[in-house]
Structure formats: structure tokens, C-alpha cells
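Read through the structure below, which is laid out as C-alpha cells, and then see the notes.
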Amino acid sequence: MTSILTNNSAMNALTTLRNINNNLGTTQDRISTGLKVASGKDNAAYFSISSTMKGDSGMIKSIDEGLALTKNAVSTARLGAETVADLAREFVERVAFAQGSGVDLEKVQLELDALAENIDAIVSQSTFNGASLVQAGNDDITAVTGISRGADGEFGDLTTITIEAVDLEAIQAALEDIDLTEAADADELADLLADAEEQLKAAVDAATSFGVSEKAIETQQTFLGELSNRLDSGIGSMIDADMEEEAARLQALQVQQQLATQALSIANQGPQNILSLFR
């Protein structure tokens with residue numbers, strides 16, 4: 001039955017064309033934004049998961065930036081401690097030289113005083129951004145190294161690393177107090193050598209400690225970088241549009257749009273044919 005009031009063919013063709021246009025609009029949005037999941041209406045589960053992972057990735061990048069500052073501070077302290085250790089080693093060598101007979105202790109003492117002054121300068125300059133880990137009275141540094149989440153996705157704890165400050169000024173002061181000219185015999189000179197060696201050991205221990213901390217930070221930074229990459233990759237696999245697939249879909253939808261338009265045009269011509277029956 002043909003009706004001039006209800007054109008079922010045209011309505012079906014119009015519905016088909018409307019669906020094609022909607023799909024075409026969706027495909028064009030994906031191509032323009034590069035996203036197949038841009039909001040919760042696209043895929044609620046993926047949108048929720050990817051939003052959380054984006055937050056984690058952002059926090060990890062910020063933590064990595066903070067660790068870079070901490071690493072520089074530790075690296076500066078390590079350099080200072082290693083330099084102090086080198087100077088303390090020279091100090092010990094000069095005190096050992098003074099153990100021999102016929103040595104001018106006053107001249108050796110002048111060398112020791114110069115080394116002590118150098119150590120003082122090194123300690124005062126071993127700062128980064130105004131922070132020092134090698135001067136007296138400074139606090140330890142605690143840096144955030146990462147975050148954790150529970151199996152339910154809830155935010156867990158922050159992981160941290162603590163770098164202990166070392167008082168290199170105490171080493172410098174102890175070496176500065178060593179005065180060969182006040183030694184009464186060879187036994188007192190030997191005691192002074194033992195004192196100098198003790199300060200050398202303390203400087204080496206400080207340099208070693210800072211080195212271990214710096215290496216730990218570098219390892220954590222490498223891990224954070226890889227972790228951030230994995231998160232970003234996982235986010236992309238959930239919400240990024242496959243551009244090859246979308247390009248192929250766009251072409252197919254454009255053809256379907258043309259065919260649906262022609263079908264609608266043909267359907268709209270149906271009632272016109274009824275006129276011929278009344279001629």
C-alpha cells in the first residue's frame with residue numbers, strides 16, 4: 001500500500017542517513033582529537049582507568065623532577081666529600097713524612113695549615129641551591145621516590161629515601177687542631193698520625209655514603225622514567241584512536257552517506273508517482 005501521508009521508505013532512509021551522519025561525526029571527532037575515548041560517554045570504564053593512570057603518570061614525572069634536584073644536591077656533597085678525602089689523604093701523607101728524623105716540622109706544619117684551609121674552602125662551597133649536606137647543623141634530606149596504589153585502586157603510601165647529612169666541618173676542625181710543632185717526641189707524632197688517619201677515614205666514609213645515595217637516586221629515576229613510559233603507553237592503548245582504522249572508516253561512511261542520500265531521494269519520489277494514477 002502506498003500512502004501520501006506516511007512514507008515508510010523515506011523514514012527508513014532518513015533513519016539510516018541520520019545514523020550514518022552520527023557515525024561520521026564520531027569518526028571525524030576521533031580523527032581531529034586523536035582520541036577514541038574523549039569522555040565518560042565514550043567508554044566509562046576506560047575513561048575512569050585512564051584518568052587515574054594519567055594522574056599517576058603526572059605525579060611520577062613531578063617526583064622525578066624533585067629527585068633530580070635531590071640528586072644534584074647529593075652529587076655536590078659527594079664531590080665535596082671526595083675532594084676533602086683527597087686533601088685529607090695528602091694531610092696524612094705529610095704527617096707520615098714528619099715521622100722521619102731530621103724533618104723540619106715547622107715547614108711541614110705550614111703545608112698542613114694550607115691543606116686545612118683548602119678543606120675549609122671546599123666545605124663552604126659544597127652547596128647546591130643554598131642547601132648543604134656537609135656543613136654542621138644541617139638536617140638530613142628526605143625525598144619522595146614514588147607512589148603506590150592498592151589492589152582496589154585507592155591511593156597508598158609515598159615511598160621515600162633519606163640522605164644523611166655529614167659534618168665535614170668537624171673533619172676540617174680536627175685536622176686543623178693537629179700541630180706537629182707541639183709534639184714532644186716520636187710517640188706524640190704517631191698519635192697525631194693516627195688522628196689524621198681517623199679523619200681521612202671519616203671523609204672517605206662520607207664520600208662513600210653520598211655515592212651510594214646518589215646511585216640509589218639514579219636507579220630510582222631510571223625506574224620512574226620507564227614506569228611513566230609504560231603508563232603512558234597503557235593509557236594510549238585504551239583511549240587513543242587508531243588513525244589507519246579511522247581513515248578507512250571515514251571513507252566507508254562517506255560512501256554510505258552518499259548512498260543513503262540517494263536512497264532518501266528515491267524514497268521521496270515515491271508519492272510523486274501516485275499523481276500518474278490520476279491523469
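Worth a mention:
- Failed item, numbered, when residue 81 is tested on (1) crowded, with 20+ Cβ neighbours inside 10 Å; (2) of a type in the set (A, V, I, L, M, F, W, C); (3) farther than 19 Å from residue 202 by Cα: (3)
- For region 145-180, filtered to residues that are touching a Leu at 6+ places or on another chain (Cβ under 7 Å) and part of a loop (DSSP other than H, G, I, E, B), the residue that is surrounded by the most Cβ atoms within 10 Å (Cβ to Cβ) is 166.
- Of all residues in region 108-131, those satisfying the criterion of being assigned to a helix (DSSP H, G or I), free of Cβ contacts under 8 Å to residues at least 24 places away in the same chain and surrounded by fewer than 15 Cβ atoms within 10 Å (Cβ to Cβ) are 110, 114, 117, 121.
- Checked across region 87-95, the condition of being touching a residue at least 40 places away in the same chain (Cβ under 8 Å), of a type in the set (Asp, Glu) and open to solvent by 40 Å² or more (accessible area, probe 1.4 Å) holds for no residue.
The values are calculated or read from the model by the stated rules, or taken from the named source; none is laboratory data. Source: prediction; values computed, not measured. A quick note on method: Cβ atoms are made from the backbone with ideal geometry, for glycine too, and the neighbour counts reach across all protein chains shown. Heavy atoms of the whole protein, side chains included, go into the accessibility calculation; ligands, DNA and RNA do not. Shrake-Rupley method; radii C 1.70, N 1.55, O 1.52, S 1.80 Å.
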